[in-house]
Amino acid sequence: MVIATDIEPQEPPMIEVRDLDFAYGAKLALEDINLKVARHRVTALIGPSGCGKSTLLRCINRMNQRLPGAHIRRGSIRIEGHDIHDPRVSLTLLRQRVGMVFQKSNPFPKSIHDNVAFGLRIAGVSDPVVLDEAVERALRAAALWDELKDRLHQHAHSLSGGQQQRLCIARAVATRPAVLLMDEPCSALDPIATLKIEELLGQLAQEHTVVIVTHNMQQAVRVSHDTAFLHLGRLVEHAPTAQLFDNPQQALTEAYLRGTF
Amino acid sequence: MSDSPSQNPFIATDRGASLRRVAMAWSLRLMTGFIVLVTLAILLHIGWKGAPVLFKTQAPFVNTAFLSKLPSTLHVISDRDGRVIETDNRGAEVLKKQLGPNLREEKTISYSGGGILGPIVGTALLVLVSVSVALLLGVASAIYLSEYARPGKTVELIRLAILNLAGVPSVVFGLFGLGAFVLTAPVLTNSPLERSLLIIPLGFAKLSFQGWDTCVLSGGFTLAFVILPVIITASEQCLAAVPQGFRETSMALGATRWQAIRSAVLPFAMPGILTSSILGIARAAGETAPIMFTAALAFKDKLPWQRDLPALAADASWWAHWEQSVQRLLGLFTESVQALPYHIYTLAARIPNNEYAQRAQYGSVLVFLLLVASLSLCSMLLRRRLRRKYKW
Ligand SMILES: Nc1ncnc2c1ncn2[C@@H]1O[C@H](COP(=O)(O)OP(=O)(O)O)[C@@H](O)[C@H]1O
Ligand SMILES: [Mg+2]
């Protein structure tokens, strides 16, 4: 008899975290994390603040290693089966494959066009035709093209807060990353701007694998296919969102979801 | 309706307190006023005395000779009819012959005749070299200290040393420049001097540590070290003021550390850095001691590009002409110059004081002030333009 498996053996998961221990100096922030994220899914990371959501997210594109003392104690992270901590890995190539959107929208004080083209310019693309195409594609992906196509050369700071955050999304997807990491991208936005970004997430998942940190559990329910619950640096439960919210397997998850912590 | 003081607890009983408050405010006001007054007095005095030298009542309203001639000795000749004529060396000879026995008196006042083109050009060149060198070195080390170096004891020590550099008397910088740039800095040459400290043969030429001699380059480098502390400190502050998010974002987009700094940090810090260089310009233009031993002469009858070179034969090749032109152009950096502050010092302290010397003095000081003010204005305008482009 053949046992069917979820994941075909020839296709490794998009992101695979194995036995990860991560520390800031002496302080262990993540402990024994094991997590597999499949292609084209939106995965929400939830948990009380300080539990290590951002840390885990920033491990996936190695943004944490900038900080003095921050290091991986144990374990590995693979993107499409490739170890991202191989000493030969170029951070530039890795980060073109794994894009990131931050909590605070932070467009550069440049034009809209130059903001979106930034990543490509860094990668050495200078052909204006290629850049213009990429900018259009990225702005469409961020549902900004129709609003902004006539004002691409205006200063990015002339945009509203929600538009600025969508501009940051456009900037991140302009290099066509396979993975898009988002750290509480809506926490500084008003409800309407938040709604627009949530709508966007479903579309983004058609081209990208999205991992989103959120402190808003309704948002996790609305936007994600899978949810991972972290507590005190440990991954408590990881399951399809509906299942995790309706029928949590761990007592800790249930307590957190009910708010009786 | 009004309460008596005993009923209303808010009514002041201590009249002394309000008196003291008023006295305090007034004494601060007076001290500030005093400073404003003195500054105004200085500026008005210079303007009052300098304007007649620099400006004229008829078109073109500017004394062009004063701005376009080199300094020279002034001859003041008076004849027995009571006429007084001011002229230069050559004019004096002709005039004396003409007047013959009618000549009553001839006064010669060194450096006070002609104009001040030499010092203006010299100061402009010194400022140009020193500010370029200081910006390059200063911004580079500020980037290193605030973006690359690991924060810690060593970096703090370096910062402290740089701050201390700002307190070093400028004459010490002059001596340092003399030792380092005039007498020791390396040059490429085929025929090193005998006093060269070290000669490294390179095949095509020799690298000789014999110094650059007294020249714009030596003086400019020396001045650069005078203004470096200001520029480094200000650049570091401006870099720190750029939001951390810009660095993170650009690195998350794949930028290397240097790419992030170059495209997402430095452009936004530049307006502030330029502002600090305004201070640097004024300082570099105004210093006398650092250039006294390194670049400036009390008197020079040539502009830096008017170097003496052997006359070329009529049929000399274009190459020979070209070579001489290049040598003349290089004179901008390799020749010694006159400089405004040193010229003013010479006029004020090294020649007997009289109305003619004073006239040259005030004219020079006014030109000097206007020059520094317009340089500052330029960098302020540049800063405004950059600010508008890169505001956040
Ligand atoms: N730069 C840092 N240096 C030291 N400790 C940190 C740093 N960033 C986060 N931490 C610690 O790591 C733990 C996880 O933080 P974080 O990942 O930011 O949590 P979350 O995003 O879930 O709120 C916290 O206890 C926090 O104090
Ligand atoms: Mg966080």
Subject >> GNM top mover of B:69, B:153, B:302 - chain B, alpha-carbon springs below 10 Å >> reply: B:153
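Once you keep just the Cα pairs under 8 angstrom separated by 6 or more residues, what percentage relative contact order results for chain B?
Numbers: 550 pairs, mean separation 78.6, N = 392.
Computed over chain B, the figure is 20 percent.
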**OP:** Determine the sum of side-chain charges near residue B:185: Lys and Arg each +1, Asp and Glu each -1, restricted to other residues whose C-beta is under 15 angstrom from that of residue B:185.
**Re:** +1
**OP:** Search the structure for amide H atoms under 5 Å from the amide H of residue A:231, placed 1.01 Å from N in the peptide plane, and list their residues when 5 or more places away or on another chain.
**Re:** A:236
**OP:** Apply the Karplus parameterisation 6.51 cos²θ - 1.76 cosθ + 1.60, with θ equal to phi minus 60°, to every residue of the range B:277-285 and state each ³J(HN,Hα) to the nearest whole Hz, in sequence, with x for glycine and proline.
**Re:** 6, 4, 4, x, 4, 4, 5, 4, 5
Original post:
Which distance in Å, rounded to a whole number, links the C-alpha centroids of the range A:100-166 and the range B:138-202?
Top reply: 44
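As a check on your grasp of the helix formula, calculate [θ] at 222 nm for chain B: sum -39500 (n - 2.57) over DSSP H runs of n ≥ 4, divide by the residue count, round to the nearest 500. Don't skip to the end; give the middle numbers.
On the way: 14 runs with 230 residues, N = 392.
It comes out at -19500 deg cm²/dmol, rounded to the nearest 500.
Among the DSSP beta bridges whose two residues both lie in chain B, what percent are antiparallel, rounded to the nearest 5? Spell out each step's value before the answer.
Values: 20 of 21 bridges.
Expressed as a percentage, antiparallel bridges in chain B total about 95.
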**OP:** Rounded to whole Hz and in sequence order, give me ³J(HN,Hα) for the range B:333-345 from the Karplus expression 6.51 cos²θ - 1.76 cosθ + 1.60, θ = phi - 60°, writing x for Gly and Pro.
**Re:** 10, 9, 9, 7, 9, 8, 10, 4, x, 5, 5, 5, 4
Subject >> the range A:227-243 - phi-based ³J(HN,Hα) in whole Hz, Karplus 6.51/-1.76/1.60, Gly and Pro as x >> reply: 9, 10, 9, 10, 8, 6, x, 10, 7, 7, 8, 9, 7, x, 4, 4, 5
Subject >> Most mobile listed residue (B:54, B:125, B:188) in chain B, GNM with C-alpha springs under 10 Å >> reply: B:188
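Using +1 on the beta carbon of Lys and Arg, -1 on that of Asp and Glu, and nothing else charged, what's the dipole of the range B:1-126 about the Cα centre, debye to 20?
On the way: 14 positive and 9 negative charges, 9 e Å.
With Lys and Arg at +1 and Asp and Glu at -1, about 40 debye.
Between beta-carbons, use under 15 Å as the cut-off and find the net charge around residue B:115, counting Lys and Arg +1, Asp and Glu -1.
Residues close to residue B:115 contribute a combined charge of +2.
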Original post:
What residues have an amide H closer than 5 Å to that of residue A:209, excluding those fewer than 5 places away on the same chain, when H is modeled at 1.01 Å from N in the peptide plane?
Top reply: A:40, A:179, A:180
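State which entries of B:49/B:302; B:69/B:300; A:196/B:389; A:27/A:53; B:56/B:300 exceed 22 angstrom in Cα-Cα distance in the structure shown. Mind showing how you got there, number by number?
Values: B:49/B:302 28 Å; B:69/B:300 12 Å; A:196/B:389 30 Å; A:27/A:53 15 Å; B:56/B:300 27 Å.
Pairs exceeding the cut-off: B:49/B:302; A:196/B:389; B:56/B:300.
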**OP:** Report, in deg cm²/dmol and to the nearest 500, the calculated mean residue ellipticity at 222 nm for chain A, where each DSSP H run with n ≥ 4 adds -39500 (n - 2.57) and the sum is divided by the residue count.
**Re:** -10500 deg cm²/dmol
Original post:
When chain B is modelled as a GNM with alpha-carbon springs shorter than 10 Å, which of B:252, B:134, B:51 fluctuates the most?
Top reply: B:252
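Computed from the coordinates by the stated procedures, all read-outs in this text should not be read as laboratory data. Since the structure is predicted, the reported quantities are computational estimates derived from the model, not experimental observations. We place every Cβ from the backbone using ideal geometry, glycine too, and count neighbours over all the protein chains shown.
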